[in-house]
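Everything below concerns the one structure shown next.
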Amino acid sequence: MDTEKKKLDFDFQSWIKEQHNDEYQIVEDNESLIRLVTDYGEASIRFTVIEQSTIVEFSIVSKKDDSVKFYLHFELNDENHAKQLFDEMVETLVGLKNEKTLQVLLSCSSGLTTSMFAENLNSVAGMLGLDYHFDAVSYLSIYEEVEKYDVVLIAPQIGYMLNRLKESLTDKLVLQIPTTVFASYDAPGALRFLQNELEEYYTNKTQEAQKHHTHCIEYENRILSIVISNNKAQTRIYYRLSDHCEIIDHNMIIKPSLNVYDLYDIIDTVLLKHQYVDMIGIATPGIVKDDQQLRNSPDEKILDIKNEFEKKYGIKVLVCNNANAAVVGFSLEHPEYQNIIFHSQPFGFGVGGQGIISHGQIVTGKNGVAGEVRYFIHRMQFSDECAKLAWTQEGVLELVTKSLLPSICIMGPEAIAVYSPMTNDMNEVRNKLLSFIPEDYMPELYSIKEVSPYMLDGLTKLCVNDLKKN
């Protein structure tokens with residue numbers, strides 16, 4: 001068996017070195033690291049031997065902004081699976097070729113003056129050999145257009161929007177063009193300003209410490225918590241291994257799509273590194289009925305992951321909706337409340353979701369339907385279609401408040417936590433709700449900047465409860 005394992009390790013590395021492609025250069029730094037190098041990004045393939053097994057890590061970093069575009073790890077025990085993941089990584093790496101240009105969105109009140117400035121900037125950037133591209137839109141269209149841009153530059157006349165845009169677009173660099181630069185259409189000055197701000201932005205970004213958790217709870221087990229979070233661009237899977245309230249391993253997987261094998265790879269790697277786990281918790285979007293929910297790309301079949309995983313690993317598994325995990329995590333930080341709503345309205349989504357705690361107990365409802373806003377939201381009276389409202393601040397405010405109204409009236413929560421990148425000002429939400437609900441019944445409102453720590457905390461707590469109960 002050991003001989004077969006070593007042969008598999010050697011064959012896979014040799015196979016990688018044979019995958020010559022005009023799109024990248026293969027560089028072997030040492031026996032543990034192979035890199036695929038391009039002008040627009042770099043993929044790293046790292047091999048780590050643990051006992052008689054090997055963990056392989058795939059990662060891709062964009063040279064445009066030093067951001068991680070792809071990351072996963074797996075135990076090398078299936079050559080076909082390893083080759084499939086390699087192909088997926090290469091596809092992502094080559095895809096960066098179309099994203100290598102720094103895309104900058106300019107905006108003013110009408111888009112007219114910035115359109116002329118954008119043409120000037122494109123011309124000067126070309127003469128200077130800078131791989132930048134500039135477009136311009138009216139401020140009314142910023143949110144709808146911003147997804148494909150890296151930087152947002154706003155004109156001085158809409159400078160009042162700067163802070164709100166920074167709060168809403170946390171993964172973008174948002175800047176106000178200096179008044180003297182914009183007034184004189186000083187393209188070289190604007191490019192120097194942009195380059196300086198980019199350098200500082202990327203430096204600060206790499207120095208930011210990741211927030212691991214919000215609240216520690218007492219327990220005597222080793223629990224692996226896995227949270228699945230989807231957005232329009234990619235799937236992110238956060239995981240954390242906790243032992244007696246101490247985090248002993250954590251990471252985030254970044255992939256274009258989700259497959260059940262991504263979860264297998266996380267669990268396999270954790271078990272290889274840490275020998276044992278008492279319980280596995282998995283938080284996933286959508287309705288969780290009898291611990292069955294997971295849509296497996298590309299066939300979109302719903303899997304009974306509780307039974308599948310327990311059969312495969314012999315470890316107790318708990319599955320829950322990720323909004324339910326989030327509300328439990330928030331309740332750990334705020335034990336003073338017994339009735340709580342956690343509303344999630346991701347960027348660009350016309351429909352959110354809710355986790356609910358009533359009288360200190362999480363509410364899942366019949367077959368897990370509690371908190372599924374999608375079943376009533378389209379029946380409510382809105383100023384426009386939900387999909388269109390999702391791209392303006394006023395529209396998202398309307399979506400959030402009208403999603404909360406039925407829940408508030410039915411359960412009367414003491415507190416509401418809102419994760420909505422485009423609606424960070426809880427005073428606005430409060431004032432909008434006050435037009436429907438008397439102040440005596442108004443819950444406390446909390447703005448949530450990053451939702452994954454609450455989901456991880458809440459999921460761990462649910463696993464602890466389940467272990468105690470059984």
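The values are calculated or read from the model by the stated rules, or taken from the named source; none is laboratory data. Owing to the predicted nature of the structure, the values given are computational and were not obtained by experimental measurement. When we count neighbours, we look across all protein chains shown, and the Cβ atoms used for this are built from the backbone with ideal geometry, even at glycine. What goes into the accessible areas is simple: the full protein's heavy atoms, side chains included, and nothing from ligands, DNA or RNA. Shrake-Rupley method; radii C 1.70, N 1.55, O 1.52, S 1.80 Å.
See the values below:
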| item | result |
| --- | --- |
| For the range 76-141, accessible area per residue (1.4 Å probe, heavy atoms of protein chains only), Å² | 48 |
| For a label point 7 Å along the Cα-to-beta-carbon line of Tyr160, residues of the range 111-141 with backbone N under 17 Å | 111, 139-141 |
| Estimated FRET transfer efficiency (Phe376, Glu333; beta-carbon r; R0 25 Å; 0.05) | 0.30 |
| Dipole-positive endmost among Phe134, Ile34, Val94 within the range 1-159 (Cβ charges, Cα centre) | Phe134 |
| Distance between modelled label sites at Leu130 and Glu51, nm, 7 Å Cα→Cβ extension | 5.5 |
| Cβ charges +1 (Lys, Arg) and -1 (Asp, Glu), total dipole of the chain, debye | 960 |
| C-alpha center-to-center spacing [the range 359-415, the range 21-66] in angstrom | 44 |
| Span-like helix ranges in the chain, DSSP H, alpha carbon extent 15 angstrom or more, Kyte mean at least -0.5 | 79-95, 112-127, 260-274, 322-333, 393-411, 452-469 |
| Mean Cβ count within 10 Å, highest first, over the residues of peptides 428-434, 263-269, 197-203 | 263-269, 428-434, 197-203 |
| Gyration tensor (alpha-carbon) shape descriptor, the range 366-456, a/c threshold 1.5 | rounded |
| Residues of type aspartates and glutamates that Lys366 reaches as a straight line, Cα spacing below 12 Å, ignoring anything fewer than 8 places off in the same chain | Asp290 |
| Theoretical gain in end-to-end length, Asp65 to Glu444 [0.36 nm per residue, Cα-Cα removed] | 132.6 nm |
| Cβ-placed point charges (K, R +1; D, E -1), dipole of the range 267-413 about Cα centre in debye, nearest 20 | 240 |
| Neighbour net charge for Arg164 - beta-carbon separation under 11 angstrom, K R +1, D E -1 | -2 |
| Backbone N within the range 263-278 under 20 Å of label point (7 Å from Glu91 Cα along the Cβ vector) | 263-266 |
| Sum of -39500 (n - 2.57) over DSSP H runs of 4+, divided by residues of the chain (222 nm, nearest 500) | -11500 deg cm²/dmol |
| Spacing of the two label points (7 Å from each Cα toward its C-beta) at Glu99 and Leu140, in nm | 3.1 |
